[in-house]
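Some notes on the structure that comes next.
The values are calculated or read from the model by the stated rules, or taken from the named source; none is laboratory data. Owing to the predicted nature of the structure, the values given are computational and were not obtained by experimental measurement. Counting neighbours? That spans all protein chains shown, and the Cβs are built from the backbone with ideal geometry, glycine included.
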Amino acid sequence: MNGVYKIKFYKSSEKLNRQYDSLSILDRETISELGADSFFDYENKNKNYTCYLIVDSVELKKYTTILTNNLIEHKCTNISDDIIKGRIDIRADIDDKISESNYYKYDFFVCDVDSWIVDNLSIDIVLDKISETGLDSLNELEENFLKKYKHD
């Protein structure tokens with residue numbers, strides 16, 4: 001099953017590219033064939049590379065195993081539950097990372113996240129949110145889900 005993950009590296013993309021070049025041919029092929037459905041990446045103000053992915057956990061495990069085995073320091077966090085329950089607003093989280101060069105990538109990624117939410121949202125999640133924070137706290141995706149659920 002696909003999830004949404006955040007991978008933070010403690011190096012710039014330039015340094016990571018140099019490390020990539022020193023990986024074995026098999027590791028480079030495995031990374032290049034990573035079957036991510038969508039991604040958004042950027043460097044923060046400290047020049048550390050961060051990547052958000054929508055990917056299957058098996059594919060992600062292949063990637064993170066290569067990183068770990070090659071001593072590439074990173075932190076991988078599954079943020080799926082936080083996104084689906086509205087504890088993380090992906091737009092707010094990455095909005096300040098948009099530039100002229102990555103605007104389209106951002107736009108596609110947030111649309112893909114919305115699609116992922118719709119595919120993974122359940123009536124239990126929506127009702128729990130209503131119980132905890134009220135009906136007015138629902139976002140547009142959750143409201144549409146609830147309307148569709150009522151009509152099905």
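Listed here are the residues, each with its yes/no results for (1) surrounded by fewer than 17 Cβ atoms within 10 Å (Cβ to Cβ); (2) touching a helix residue (DSSP H, G or I) at 6+ places or on another chain (Cβ under 7 Å).
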site	(1), (2)
27	no, yes
44	yes, no
66	no, yes
85	yes, yes
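Which residues, taken from region 64-87, are part of a helix (DSSP H, G or I), free of Cβ contacts under 8 Å to residues at least 40 places away in the same chain and closer than 24 Å to residue 114 by Cα?
Once the filter is applied, which keeps residues that are part of a helix (DSSP H, G or I), free of Cβ contacts under 8 Å to residues at least 40 places away in the same chain and closer than 24 Å to residue 114 by Cα, region 64-87 yields 81, 82.
Sort out which residues of region 97-152 are closer than 30 Å to residue 46 by Cα and loosely packed, with under 11 Cβ neighbours inside 10 Å, and write them in order of number.
99, 100, 101, 103, 104, listed by residue number.
With the structure loaded, tell me whether residue 6 is outside the structural domain of residue 125 (by TED's automatic domain parsing), buried (at least 16 other Cβ atoms within 10 Å of the Cβ) and among the basic types (Lys, Arg) or whether it fails that test.
Here the answer is yes, as residue 6 does meet what is asked.
Considering only region 23-48, state which residues are more than 23 Å from residue 92 (Cβ to Cβ) and either hydrophobic (A, V, I, L, M, F, W, C) or in contact (Cβ under 8 Å) with a residue 40 or more places away in the chain (or both).
Narrowing region 23-48 to residues more than 23 Å from residue 92 (Cβ to Cβ): 23-35.
Scanning region 23-48 gives 23, 25, 26, 27, 31, 34.
With the checklist (1) touching a Phe, Trp or Tyr at 6+ places or on another chain (Cβ under 9 Å); (2) crowded, with 16+ Cβ neighbours inside 10 Å; (3) more than 30 Å from residue 133 (Cα to Cα); (4) of a type outside the set (D, E, K, R) in hand, flag the one item residue 31 doesn't pass.
Going through the list (1) touching a Phe, Trp or Tyr at 6+ places or on another chain (Cβ under 9 Å); (2) crowded, with 16+ Cβ neighbours inside 10 Å; (3) more than 30 Å from residue 133 (Cα to Cα); (4) of a type outside the set (D, E, K, R), residue 31 breaks only (2).
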